[in-house]
Each structure stands twice: as C-alpha cells, then as structure tokens.
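Enquirer: Below are the structure tokens for one structure; questions will follow.
The values are calculated or read from the model by the stated rules, or taken from the named source; none is laboratory data. Predicted model only: the values in this text are computed from it and were never measured. Cβ placement follows ideal geometry from the backbone for every residue including glycine, while neighbour counts extend to all protein chains displayed.
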Amino acid sequence: MLTIENLRASVEGKEILNGISLEVQAGEVHAVMGPNGSGKSTLANVLAGRDEYEVTGGTVRFKGQDLLDLEPEIRAREGLFLAFQYPVEIPGVSNVHMLKAALNTLRKHRGEEELDAVSFLRLVKEKAALVGMKQEFLYRSVNQGFSGGEKKRNEILQMSLFEPSLSVLDETDSGLDIDALKIVAEGVNSLRSPDRAMLVVTHYQRLLEYIVPDYVHVLAHGRIIRSGGKELAHELEDRGYGWIEQHARTA
Amino acid sequence: MNLKTVDTAGSNSMHAQPDTHPDPQVRPYLDIHEQGREALPGERVEWHANWRHGCLQRFADQGFPTLRDEEWRYTSVRPILSKRFAPAEDSGLMPDSSAYRIEGIAHTLVFVDGIMQGPAAPLGMDAGIRVDSISRVLENDPERIRPYLGKSAEERAHGFSLMNNALYRDGVLVEIGQGVRSDAPLELLFVSRTDAALILPRILIVARNNSVARIVERHVSETGTSSLTSGVGELYLEPGAHLDYHLVESQSDSAFQVSGNWAYLSRDSRLDFHTTTVGGALVRNDLVIDMQEPGAQCNLMGAYCLSGRQHVDNFTTVVHSAPHCSSNEHYKGVLDRRSRAVFHGRIRVAPDAQQTDAQQANNTLLLSPDAEIDTKPQLEIYANDVKCSHGATIGNLDEQAMFYLKSRGIDGDKARLMLIRAFVDEVLEAVGPDSVQQHVKALMDSKLSRLPISTKSG
C-alpha cells in the first residue's frame with residue numbers, strides 16, 4: 001500500500017526527515033512514536049502534501065503511484081486521509097457542507113454515485129453518533145469554536161465517512177481525555193479491515209492500548225531508529241525515549 | 001419628525017447660462033435642462049420649480065466632484081465625464097421582465113432607462129401601500145410630497161445628486177400606511193436599455209407610524225450597455241416604522257452608477273439597508289442616515305465582489321442626532337485583478353446624542369496583488385457617553401484552510417470558492433427576505449465563477 005524509501009524533507013531550509021524508509025501493507029496498523037521534534041508530524045504532513053514541507057530526497061509510492069507527484073486533493077481522492085494534529089477552523093463554511101462536498105468528490109472519483117442531501121444526512125448523522133458528536137456540530141462552521149476533543153472527533157468522523165484506504169493519524173490522542181480517546185480508538189478500530197491500513201503517529205503509548213498496532217517504529221532525529229512489534233511500545237513506556245536514543249547511539 | 005417645508009432656494013429668475021458655462025463637462029447637462037425643461041415634471045408647481053432651479057444653479061456653480069474634494073479623494077469620475085450621456089427616448093417597449101424575475105417577488109415596478117412602465121400600482125399589492133409616479137403626484141396633489149421631496153439637497157449634495165434634482169424626469173413615491181405590515185418585498189427594477197442613456201431614478205419612500213415593509217431597488221442592464229445612472233432616494237421613517245431596503249447593483253461591467261440614498265429616522269424606527277454590488281465599471285454609493293429622534297436604529301450591510309478594473313466606492317454617513325440610537329455597519333468586499341474599492345465610514349455623534357451605540361466594520365479579501373482597497377473610518381464624536389467601535393481588516397485567502405479542504409479531496413478552485421463565499425456570506429445571510437437572499441447569493445456565485453482569480457495557488 002505504502003512504500004517510503006529514504007525520504008528526506010526540510011522546513012525553511014532545516015532538514016527534519018533524514019532518510020526514512022517504511023513499508024505498510026494493506027490490513028496493517030503501524031504506530032510511529034518518538035519524542036517532540038523527532039519528525040513524526042513532518043512525516044504525516046509530507047504524506048498529505050502540505051507545501052510548507054520541501055521534499056529533498058527519497059521516494060514514496062502509494063498504491064503503485066508516485067505519491068509525491070500528486071496534489072493534496074488527488075492524494076485524498078486516491079484514498080489517503082490525514083487526521084490533523086491541529087484541525088483548521090474555517091469560519092463561514094458549515095461542517096455539513098464541507099463533509100458533503102468532500103464525500104461526493106471522493107465517491108465520484110471512485111465511480112460511485114453522489115449522495116443526495118437526504119441520504120447524505122442520514123449517513124453523516126449515523127457516523128456522528130458513532131464518534132459521539134452532537135448533531136449541532138454538523139451545522140456549525142468547520143471546527144470553529146470546537147473544543148480540542150470535538151475537533152479530534154470531527155477528524156475521526158471524516159475518516160469513518162470517507163473510508164480511506166490509508167489513514168494517517170497525526171497525534172490524534174493529544175489533548176484527549178480517556179473517554180474521548182476510547183471513542184476515537186473505536187472509530188479507528190471499526191475501520192480496520194484487510195484492505196485498509198493505518199499509520200498512527202503518537203507521542204504516548206496510551207493510545208496504543210486501544211488501537212493495537214501490528215508494528216511500532218521509533219523515530220528520532222528524523223530517522224527510524226528502531227522497529228518492532230507492539231511490545232516495543234510498552235518497553236518505551238517503561239524506559240522512556242532516553243533509553244532508546246542512547247541505545248541507538250551506542251548501537 | 002423634524003420636517004421642514006423644502007426651502008425655495010433660488011427663484012425662477014435665476015438661470016444658469018448653458019451657452020456660456022465655462023465647464024465643458026457640465027455644459028451638456030445644462031443644455032439638456034434648457035432644451036427639455038418644459039417637459040420636466042413639477043415645472044408648474046412653484047415650490048418645486050424654484051427648488052429645481054436652485055439645484056440647477058448649484059450644479060452649475062460647483063460642477064462635478066474632483067479628486068480635490070475630500071469626499072471624492074479615492075474616486076475619480078473622469079471616466080464618466082469623458083463620455084456623453086443623454087436621456088433616452090421612451091421606446092414604449094416593456095423589457096422581457098421574465099429574464100430578470102426573482103423567484104418569490106410578486107410585485108415589481110419596471111423602469112426602462114429611468115422611466116416607469118405601465119400602471120404605477122402593481123396588481124395584488126397590499127392595499128396599505130400606495131405607489132404613485134412622482135410626476136403624477138406633482139400634477140395632481142403636489143402638497144402631498146412637499147415636506148419630503150428634495151430635503152436631501154439641503155446637505156451633502158454633490159454634482160451628481162444636484163444633477164438628478166435638476167433634471168429628473170420620473171420617479172416613484174411609495175407610501176406605506178400607518179400600521180401596515182407587509183412581508184412581501186416591493187421591487188423597483190431599473191433596466192438600462194439604451195447605450196449612453198442618462199438615467200435619473202428618483203425614489204421617495206414614506207413609511208408611516210409602526211409600518212413594516214421591504215423594498216428592493218435593483219439595477220440591471222439589458223445588454224452590455226454603458227449608461228450613467230445617477231439616482232437619488234429619500235427615505236422617511238416615522239415613529240416605530242421598520243424598513244428593510246435592498247440596493248442590488250448588477251448592471252453591466254461598462255455601466256456607471258452614482259447612487260445617493262438619504263434616510264431620516266424618527267423615534268424608535270429601524271432601517272436595514274443592504275447594498276450588494278457585482279456590476280458596474282464605476283459605482284459610487286452615498287448613503288446618509290440621519291437618526292433624528294431617540295431609539296432609532298440602523299443596520300447597514302454591504303457586500304461587493306469586483307474584478308477587472310471595476311471601481312466601487314461606498315461612502316456612508318451615519319448621523320446620531322438624538323440619544324439612545326444605535327447603528328451597526330458591516331461591509332465586506334472581495335477584490336480580484338486590478339479592481340479597487342473604497343469604503344468611507346463617517347459617524348457623527350451630536351453633542352446631546354448620549355447613550356449612542358455605533359459599530360462599524362469593513363473587511364476585505366484581496367485575491368490579487370494588484371487590487372486595492374482604501375478604507376477610511378471617520379468618527380466625529382461630540383457626546384461623552386457613547387459606545388463606538390470601528391475596525392478594518394484586509395487579508396488574503398487562508399492557506400491553512402485551503403490545505404485542509406484540499407486534503408479532503410476538494411478541488412483547489414472549489415475550495416477557493418467555498419472560502420470566498422464563506423467570507424461574504426456573513427453579510428449575505430443577513431439579507432432578510434429569502435427570495436432576495438437567494439438572488440444576491442446567486443449573483444455572488446455567478447460573479448465568483450467568472451473570476452479569473454489571479455492568485456492561483458497549490
């Protein structure tokens with residue numbers, strides 16, 4: 001599904017990703033962990049195509065295509081979804097309007113029929129209930145005046161509505177209380193299937209108790225310094241990032 | 001209400017002398033008066049004739065405004081003066097009004113090149129609303145409008161409004177009866193048909209005590225005609241009256257429009273005045289609101305979307321003459337290419353107008369580095385117990401929001417339109433009648449879909 005080879009990227013001339021290689025197969029959930037400033041969010045944003053990040057080397061293939069060659073909207077239509085760490089507030093654009101425009105664009109691209117207002121509303125209300133979002137949030141401006149938790153629920157709502165083949169969750173757990181965290185995790189788990197994959201970027205092991213990953217990668221200084229199974233997350237939790245960095249340096 | 005009989009400024013013996021007038025830009029219009037004065041309405045009504053001639057004299061004296069006039073600093077009328085406009089012959093043909101019909105508006109009065117077509121009173125109108133042609137009223141019962149007509153000439157009159165006073169040929173009087181409450185908008189549709197036509201709309205609205213009514217003043221062009229519309233509207237709101245007024249300017253991009261509306265608000269009356277501008281090469285909208293008695297309130301909302309080399313100047317003056325009045329003003333503009341907008345917000349709070357609440361905001365979205373907005377608040381506060389605020393913002397499209405929408409699969413152009421519409425919607429959503437709101441939104445969408453949008457990104 002996703003093959004990253006020796007990916008390098010910089011922001012404002014400063015190199016953040018120092019050669020990342022990662023292979024994600026359909027059906028797998030990968031967790032990317034690391035301390036602040038390790039490049040986790042940069043990786044997520046480069047995959048989504050944010051243009052403040054300059055790719056300086058390497059390749060990314062997504063479902064057989066050169067991902068880096070595609071505009072952000074094309075990446076989304078091809079099935080890539082980024083759940084933002086800081087979802088953007090868009091005053092004046094109603095959430096439901098944005099969701100419908102996006103979903104129908106995606107459906108059209110997949111060769112599916114666009115949904116009319118009635119069927120769309122039925123679907124979006126069902127999904128909103130699933131992520132515990134009050135219906136009034138559908139009619140507000142996108143993310144405007146939403147609390148941190150409500151913004152994250154809105155991201156997961158979009159994910160479950162769009163049914164992407166690859167979901168990249170950028171620190172979706174940060175700022176969430178345990179109840180919200182469980183709801184987010186349920187939303188993610190309900191989407192797990194043999195033909196979908198997820199890349200869960202997180203600082204804490206906590207989320208991974210609810211979204212159990214198949215693989216865990218530890219990022220430091222823009223490189224993956226260690227990969228392993230879900231036990232690696234527990235080990236990190238017990239011993240801290242200092243341990244693994246030290247371990248990497250001496251290795 | 002503080003109403004005086006219009007001063008009989010000047011007299012019949014005063015004649016501007018067109019042949020010898022030194023200003024070549026004014027002379028043709030003086031000629032129009034000289035040649036057509038017999039046909040002008042109200043010439044046999046002494047007070048009216050005197051007033052007209054007084055205005056003609058003032059027009060001859062002061063001519064058209066120039067950039068040296070403080071109130072016209074950012075708007076040059078040279079493109080108007082370089083052309084020659086004259087009243088069009090009345091072709092007697094009704095335009096195909098179905099082409100301009102707004103769904104949901106049942107009562108429309110059509111004016112072609114400024115001349116009212118057909119009977120004045122649209123069928124099925126609320127019986128409490130009297131609609132008459134001003135020329136007819138001047139013939140039959142001139143005293144009925146004597147307290148109202150021409151009061152606007154007393155102050156803040158510029159060459160264009162004086163020219164309307166001196167030369168107007170027809171107009172409409174709408175009198176909303178005491179206590180009448182009408183939700184159905186009455187539309188005054190001005191169709192410009194003849195190229196180079198001089199169109200001089202004259203609108204007089206009298207909203208009696210505790211009446212509620214909605215008026216739409218709409219300007220369209222039949223084909224890409226380049227006409228000059230120089231209109232004057234006078235709006236009188238008696239105690240407790242509520243008038244919802246919509247000025248919709250969607251004429252051709254080569255049309256010129258100078259529109260002046262003067263409103264006089266008495267005790268506890270309320271005026272909602274919405275201006276939507278998408279058409280016109282050069283448009284100047286003067287709006288003067290005088291809140292003369294306590295408890296009056298006004299909401300002035302404006303939305304404009306410009307491209308090419310369009311120039312739109314909204315010059316607003318809100319006068320708080322009495323205590324306990326509130327005014328709220330919000331204008332939002334979207335400017336593309338080399339278009340230019342001017343917003344001037346003058347607020348005057350008289351010495352005894354305590355407990356005044358006056359808010360003003362002008363927000364601009366610049367889509368091109370070549371577009372320009374000149375925004376100027378002008379607060380003159382002579383009372384000490386007032387709440388006044390004003391703010392202006394100028395910005396570009398939010399790149400973070402653009403990326404967010406694109407990351408959801410939404411096409412860049414569509415995302416851009418969504419954000420621009422969201423920006424102006426704040427003002428458009430405040431448009432009261434659904435029919436009018438749908439119409440101004442459709443106008444905005446149509447304009448936006450035609451924008452080349454110079455700052456392509458992503």
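Enquirer: From the list B:ASN328, B:ASN363, B:ASN396, B:ASN384, which one is within 14 Å of another protein chain (Cβ to nearest Cβ) and either on the phi < 0 side of the Ramachandran plot or surrounded by fewer than 18 Cβ atoms within 10 Å (Cβ to Cβ) (or both)?
Expert: Among B:ASN328, B:ASN363, B:ASN396, B:ASN384, only B:ASN363 is within 14 Å of another protein chain (Cβ to nearest Cβ) and either on the phi < 0 side of the Ramachandran plot or surrounded by fewer than 18 Cβ atoms within 10 Å (Cβ to Cβ) (or both).
Enquirer: What do you reckon, is A:TYR210 within 13 Å of A:VAL29 (Cα to Cα) and hydroxyl-bearing (Ser, Thr, Tyr)?
Expert: So A:TYR210 fits the description; yes.
Enquirer: Take the residues in the range A:128-142 that are part of a helix (DSSP H, G or I) and closer than 13 Å to A:ASN154 by Cβ, then tell me which one is nearest to the other protein chains (Cβ to nearest Cβ).
Expert: The qualifying residue nearest to the other protein chains (Cβ to nearest Cβ) is A:TYR139.
Enquirer: Being without any contact (Cβ under 8 Å) to a residue 40 or more places away in the chain and not in a loop (DSSP other than H, G, I, E, B) is the filter; apply it to the range B:321-339 and report the residue that is farthest from B:LYS387 (Cα to Cα).
Expert: Step by step, filter the range B:321-339, then rank; the result is B:LEU335.
Enquirer: Working only within the range A:194-243, note down all residues that are more than 19 Å from A:LEU47 (Cα to Cα) and crowded, with 21+ Cβ neighbours inside 10 Å.
Expert: Residues satisfying the conditions are A:LEU207, A:LEU208, A:ILE211, A:PRO213, A:LEU232, A:ALA233, A:LEU236.
Enquirer: While we're looking at this one, here's another question. Being farther than 30 Å from A:ASN6 by Cα, aromatic (Phe, Trp, Tyr) and in contact with a Phe, Trp or Tyr (Cβ under 9 Å, 6 or more places away or on another chain), is that true of even one residue in the range A:128-141?
Expert: Yes, there is a match, as at least one residue in the range A:128-141 is farther than 30 Å from A:ASN6 by Cα, aromatic (Phe, Trp, Tyr) and in contact with a Phe, Trp or Tyr (Cβ under 9 Å, 6 or more places away or on another chain).
Enquirer: Look through A:TYR215, A:TYR210 and report the one residue that is over 25 Å from A:ILE16 (Cα atoms), modelled with pLDDT of 90 or more and of a type in the set (Phe, Trp, Tyr).
Expert: Working: A:TYR215 fails: over 25 Å from A:ILE16 (Cα atoms).
Only one candidate passes the filter, namely A:TYR210.
Enquirer: Let me ask you something else. If we scan the range B:229-244, do we find a residue that is of a type in the set (Gly, Ala, Ser), touching a Lys or Arg at 6+ places or on another chain (Cβ under 7 Å) and surrounded by fewer than 24 Cβ atoms within 10 Å (Cβ to Cβ)?
Expert: No, the range B:229-244 has no match at all.
Enquirer: Here's something else I'd like to know. Considering (1) away from every other protein chain (no Cβ under 13 Å); (2) modelled with pLDDT of 95 or more; (3) in a loop (DSSP other than H, G, I, E, B), say which one A:PRO164 fails and leave the rest.
Expert: With respect to (1) away from every other protein chain (no Cβ under 13 Å); (2) modelled with pLDDT of 95 or more; (3) in a loop (DSSP other than H, G, I, E, B), A:PRO164 is out only on (1).
Enquirer: Please go through the range B:227-268 and give me each residue that is closer than 20 Å to B:ARG169 by Cα and polar (S, T, N, Q), ordered by number.
Expert: Hits for the range B:227-268 are B:SER227, B:THR229, B:SER230, B:GLN257, B:SER259, B:ASN261.
Enquirer: Scan the range A:73-97 residue by residue and report those that are within 11 Å of chain B (Cβ to nearest Cβ), surrounded by 23 or more Cβ atoms within 10 Å (Cβ to Cβ) and touching a strand residue (DSSP E or B) at 6+ places or on another chain (Cβ under 9 Å).
Expert: If the condition is that a residue be within 11 Å of chain B (Cβ to nearest Cβ), surrounded by 23 or more Cβ atoms within 10 Å (Cβ to Cβ) and touching a strand residue (DSSP E or B) at 6+ places or on another chain (Cβ under 9 Å), then A:ARG75, A:ALA76, A:LEU80, A:PHE81, A:LEU82, A:ALA83, A:PHE84, A:ILE90, A:VAL93 are the ones that fit.
Enquirer: If I ask for residues that are aromatic (Phe, Trp, Tyr) and under 25 Å from A:GLN25 (Cα atoms), which ones from the range A:77-103 would you list? Break it down stepwise before answering.
Expert: Of all residues in the range A:77-103, those aromatic (Phe, Trp, Tyr) come to A:81, A:84, A:86.
Once the filter is applied, which keeps residues that are aromatic (Phe, Trp, Tyr) and under 25 Å from A:GLN25 (Cα atoms), the range A:77-103 yields A:PHE81, A:PHE84.
Enquirer: May I pose another question? Test A:LEU157 against the criterion of being surrounded by fewer than 23 Cβ atoms within 10 Å (Cβ to Cβ) and either farther than 20 Å from A:ALA233 by Cβ or within 14 Å of another protein chain (Cβ to nearest Cβ) (or both), and give yes or no.
Expert: no
Enquirer: Looking only at the range B:106-116, decide whether some residue is at negative phi, in a loop (DSSP other than H, G, I, E, B) and either in contact with a Gly (Cβ under 6 Å, 6 or more places away or on another chain) or surrounded by 17 or more Cβ atoms within 10 Å (Cβ to Cβ) (or both).
Expert: Looking for residues that are at negative phi, in a loop (DSSP other than H, G, I, E, B) and either in contact with a Gly (Cβ under 6 Å, 6 or more places away or on another chain) or surrounded by 17 or more Cβ atoms within 10 Å (Cβ to Cβ) (or both), one finds none in the range B:106-116, hence no.
Enquirer: Filter the range B:399-430 down to residues that are more than 8 Å from chain A (Cβ to nearest Cβ), under 24 Å from B:VAL318 (Cβ atoms) and surrounded by fewer than 17 Cβ atoms within 10 Å (Cβ to Cβ), then give me how many there are.
Expert: Residues flagged as more than 8 Å from chain A (Cβ to nearest Cβ), under 24 Å from B:VAL318 (Cβ atoms) and surrounded by fewer than 17 Cβ atoms within 10 Å (Cβ to Cβ) within the range B:399-430 amount to 2.
Enquirer: Within the range B:442-456, can you find the residues that are surrounded by 13 or more Cβ atoms within 10 Å (Cβ to Cβ) and modelled with pLDDT under 60?
Expert: Those that are surrounded by 13 or more Cβ atoms within 10 Å (Cβ to Cβ) and modelled with pLDDT under 60: B:SER454, B:THR455.
Enquirer: Further question on the same structure: Quick one: which residue in B:LEU162, B:LEU149, B:LEU173, B:LEU189 is under 14 Å from the mean Cα position of the chain (by Cα) and of a type in the set (A, V, I, L, M)?
Expert: B:LEU189 is the lone residue from the list that is under 14 Å from the mean Cα position of the chain (by Cα) and of a type in the set (A, V, I, L, M).
Enquirer: Name the residue that is surrounded by the fewest Cβ atoms within 10 Å (Cβ to Cβ), counting only residues in the range B:161-182 that are closer than 20 Å to B:MET116 by Cα and of a type in the set (Val, Ile, Thr).
Expert: Only one residue fits best here, namely B:VAL174.
Enquirer: Tell me which residues, restricted to the range B:401-414, are modelled with pLDDT under 95 and assigned to a helix (DSSP H, G or I).
Expert: B:GLY412, B:ASP413, B:LYS414
Enquirer: Taking A:LYS40, is it of a type in the set (Lys, Arg), under 18 Å from A:MET198 (Cβ atoms) and away from every other protein chain (no Cβ under 14 Å)? Working first, answer last.
Expert: On the way: of a type in the set (Lys, Arg): yes; under 18 Å from A:MET198 (Cβ atoms): yes; away from every other protein chain (no Cβ under 14 Å): yes.
In short, yes.
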